[in-house]
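The values are calculated or read from the model by the stated rules, or taken from the named source; none is laboratory data. Everything numeric in this text was worked out from a predicted model, so none of it was measured. Cβ placement follows ideal geometry from the backbone for every residue including glycine, while neighbour counts extend to all protein chains displayed.
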Amino acid sequence: MGKNALLWGGLLLLNIIGFFFYFRLDLTEDKRYSISNPSKNLLRDLQEPVEVTVYLEGDQLPGGFERLRRAVKETLVEFRQYGGRYLSVKFVDPESGSDEEKKARYAEFQQWGMMPTNVFDQKGGRRVEIPVFPYAKVKVGNREEVVMLLKSNLVSSVTAEEKLNQSYENVEYLLATAIHKLSDTDKRNVGFMPDFTSKSPLAFRGMIDALKDRYNFFILDAKASKNFDGLDALIVPAPDKPIDDSTKFKIDQFVMKGGSVLFFVDGLEVDSVGLEGSYAKALDVNLDDLLFNYGIRINKNLVKDGLNAAVIPLVVGQMGDEPNIQPMVYRYFPLVNNFGNSIITKNIGMVLTKYASSVDTVNSGDGLRKTPLLLTSDYTQVLNAPALITFNEARTETEGENYTSGVKALAYLVEGRFPSLYRHRISDPGIIKESAPAKILVVGDGDIIQNETNPKKGTYYPLGFDMYFKHWYGNEDFLLNALNYLIEDDGLLISRNKTVGLRPLDALKIRDERTKIQWMNLGLPLVLLMIFGVVRYYLIRRKYI
């Protein structure tokens, strides 16, 4: 009696504790049901209601998308534990409701750019096409943001299951980033320094559009500015004219004060290229000594990738009175799908570069942490200045013996305490000779942040969008992730570290041992149950007869 009373008393005590103290345990190896501390802090600090509407819903979702839907639901359940009454969630089936309701819903989808992903699946022995809308809409006050949930690395060698798994890993980051963007009233300040580039302002509009919703964005007059105080980050975009010493000094002292700088600098200058070709010559924009002092060198070369490169429309001849335009692989436009170990590049799509230069590290003992971010494939060719470039090269096959330079880095992240370039040059006591902890990004390509344009119409395309073949590249994600890492202290980028392992069944083993597996899973339990029944019947019969 005493033991039973003690047991019941213990259970009662546990129930009382559980009533007052709520906790959740995630016992999975990859912590798939947990969210990061920065996401928890964001949700706890909500000051106004947040509405999340998920359109990845329906009775006929294919298996992979059903798994993604569950991931979204599980993440939002966890979000609600920390957002409380400020966070409301609903799932809407795009196919539900009357014809009028569906028509109005599809019109709204089109207005928001929410196009369906058409998936083929087997239903009742027939192959059917199912439109899937992998989107969520986040609303804070009168501000709304559409979240594309199906985001993954776009390389063709990645299977559909792996792409969905990458999307699964991104769910927390995508939803938390949208909530933060709409809720944040204390935006960081980003400066843009176009003084030393001759590129059209239209070429940077896609980048500006991507940044202005997330940051206070300022277009600077670098020469007229006394300093860059008040900024959190400074972008140096594709300079092709020498940066004057006064501006270079301001950049250096900005870094010394802990500011972040993003350098997008070409090693070679490439003028307009025709079929006959053009010579690319070394480009000196008066930054070499500054970057060298920070442990980085942008080489005076061009990198060609024999494995991953963009396709361009090229006139290959005439077809009657019309030019014959064909898509051709152009090796001078490397498509980067080889990334360093960083949350900046995890699960982003291929990044398009054009006439990029390799980037090396120097001064290995300077105490700075240097992380390569963008890397070519193993099949790389390096052309040193001066280099002859022609579009006609796109018409020839890649010869493997010419692509033997190995993997080359096109971008580096550098972190730590930087020495000032002017620490031994100027005796002014006001000069800061060593930086506070700071971060810089150095990319050997100025085109990576430029969008395609239509100069005749004065229009432009979003950053990373291929206007000819309607592809989306990961350039915008790369830029946004880099800025987030460099200047945000909310830590939301940490949630990109989530890794959910795939545990696929062995397809060959299933094929070869299908009958055996079916027997073990279906037949054997029935046989064991029958044996148990016979033995039990025999024992009971022997006991009572």
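Looking at region 62-133, the strands (runs of 3 or more DSSP E) lying wholly inside it that each contain 3 or more residues that are at pLDDT below 90 sit at 117-123, 126-132. Of all residue pairs spaced 6 or more apart or on separate chains, those with beta-carbon atoms under 6 Å, a first member in region 212-232 that is in the same structural domain as Asp252 (by TED's automatic domain parsing) and buried (at least 17 other Cβ atoms within 10 Å of the Cβ) and a second member that is outside any loop (DSSP other than H, G, I, E, B) and of a type in the set (A, V, I, L, M) are Tyr215/Val190; Phe217/Val190; Phe217/Leu211; Phe228/Leu234; Asp232/Ile487. Candidates Arg496, Arg536, Arg542: the one that is charged (D, E, K, R), over 30 Å from Leu42 (Cα atoms), at pLDDT below 80 and in a helix (DSSP H, G or I) is Arg542.
Could you say whether any residue in region 403-418 is within 17 Å of Lys304 (Cβ to Cβ), of a type in the set (Lys, Arg), within 28 Å of the chain's Cα centre (by Cα) and at pLDDT 80 or above? Yes, region 403-418 contains at least one residue that is within 17 Å of Lys304 (Cβ to Cβ), of a type in the set (Lys, Arg), within 28 Å of the chain's Cα centre (by Cα) and at pLDDT 80 or above. Residues considered: Phe218, Phe249, Phe228, Phe254. Of these, the only one that is assigned to a strand (DSSP E or B) and of a type in the set (A, V, I, L, M, F, W, C) is Phe218. Might you let me know whether region 329-347 holds any residue that is modelled with pLDDT of 95 or more, among the hydroxyl-bearing types (Ser, Thr, Tyr) and under 29 Å from Gly491 (Cα atoms)? No, every residue in region 329-347 fails to be modelled with pLDDT of 95 or more, among the hydroxyl-bearing types (Ser, Thr, Tyr) and under 29 Å from Gly491 (Cα atoms).
Please report, ordered by residue number, the strands (runs of 3 or more DSSP E) entirely within region 297-345 with at least 1 residues that are at positive phi. Talk me through it step by step, then tell me what you get.
Values: elements: 301-305, 309-319, 322-336.
Output list reads 309-319.
Do we have Val270 as among the aliphatic types (A, V, I, L, M) and within 14 Å of Thr197 (Cα to Cα) here? When the stated conditions are applied, Val270 passes them.
Scoring Leu441 on the criteria (1) touching a helix residue (DSSP H, G or I) at 6+ places or on another chain (Cβ under 6 Å); (2) in a loop (DSSP other than H, G, I, E, B) leaves a single failure, condition (2).
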